[in-house]
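Structure first, commentary second.
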Amino acid sequence: MACNQANLFIMFSLVGMIIGLLFDIFRIFRKTFKTKDIVTYLEDIVFWILTGIIIIYSMYRFCDGELRFFMIVGIIFGTTMYILTLSKYIIIFFTIVINVVKKIIIYPIKLIINTIRRIIFRHIFVIFINFRKKLWNLGKKNKKIRGFFEKKEKYNSI
């Protein structure tokens with residue numbers, strides 16, 4: 001019986017470490033991606049739902065759904081040990097990896113978007129300037145249009 005309880009304590013300590021790792025995954029995403037408050041709230045809800053599923057699954061898998069005090073202590077112990085020992089290094093490592101991957105993926109996408117934007121806006125800008133020049137030249141040639149522009153200028157100078 002004591003051997004079984006010791007094994008369960010170790011198993012639930014590992015479950016606590018898994019929960020700590022899950023917590024760090026959400027922390028890493030919060031550090032690397034700026035999100036709005038509502039997204040943070042939703043992430044918290046997802047974290048607690050996943051934590052509950054992991055604990056309930058572990059209870060049914062390892063001890064037929066029985067909840068014992070040493071299992072709760074094992075989860076708290078495992079989570080605490082993970083946060084005090086591995087958490088800092090895992091956060092640093094995966095934050096660097098995600099930032100490098102973001103730069104590798106986002107840089108070519110930004111380059112393509114900026115190139116397309118330059119091509120499209122350059123043509124639109126040229127068309128707009130040519131249209132404006134032609135309209136201005138047409139206004140200089142046509143008396144009615146020229147009169148319209150001259151009236152505008154008189155009212156604007158007042």
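The values are calculated or read from the model by the stated rules, or taken from the named source; none is laboratory data. Keep in mind that what you see is a predicted model, and the values were worked out from it rather than measured. Cβ atoms come from the backbone with ideal geometry, glycine included; neighbour counts cover every protein chain shown.
Any residue at all in segment 87-103 that is exposed (fewer than 15 other Cβ atoms within 10 Å of the Cβ), of a type outside the set (S, T, N, Q) and under 23 Å from Ser13 (Cα atoms)? Among the residues of segment 87-103, at least one is exposed (fewer than 15 other Cβ atoms within 10 Å of the Cβ), of a type outside the set (S, T, N, Q) and under 23 Å from Ser13 (Cα atoms), which makes the answer yes.
Within segment 12-36, being over 26 Å from the mean Cα position of the chain (by Cα) and either surrounded by fewer than 18 Cβ atoms within 10 Å (Cβ to Cβ) or not assigned by TED's automatic domain parsing to the domain that holds Gly52 (or both) holds for one residue alone: Leu14. Restrict the check to segment 119-138 and report whether at least one residue is closer than 28 Å to Phe33 by Cα, out of contact with any strand residue (DSSP E or B) (no Cβ under 8 Å at 6 or more places or on another chain) and at pLDDT 75 or above. No, that holds for no residue. Scanning segment 61-82 for residues that are surrounded by fewer than 16 Cβ atoms within 10 Å (Cβ to Cβ) and either of a type outside the set (Ser, Thr, Tyr) or without any contact (Cβ under 8 Å) to a residue 40 or more places away in the chain (or both) yields Arg61, Asp64, Gly65, Glu66, Leu67, Arg68, Phe69, Phe70, Ile72, Val73, Ile76, Met81. When the test is whether a residue is assigned to a helix (DSSP H, G or I) and exposed (fewer than 14 other Cβ atoms within 10 Å of the Cβ), Leu8 does not pass it. Among the residues of this structure, Ile72 counts as one that is of a type in the set (A, V, I, L, M, F, W, C) and either touching a helix residue (DSSP H, G or I) at 6+ places or on another chain (Cβ under 9 Å) or farther than 20 Å from Gln5 by Cα (or both).
Kindly establish whether Ile56 is within 22 Å of Phe26 (Cβ to Cβ), within 27 Å of the chain's Cα centre (by Cα), assigned to a helix (DSSP H, G or I) and in the same structural domain as Leu14 (by TED's automatic domain parsing). Spelling it out, it is not the case that Ile56 is within 22 Å of Phe26 (Cβ to Cβ), within 27 Å of the chain's Cα centre (by Cα), assigned to a helix (DSSP H, G or I) and in the same structural domain as Leu14 (by TED's automatic domain parsing).
Residues in segment 37-55 that are buried (at least 16 other Cβ atoms within 10 Å of the Cβ) and hydroxyl-bearing (Ser, Thr, Tyr): Thr51 alone.
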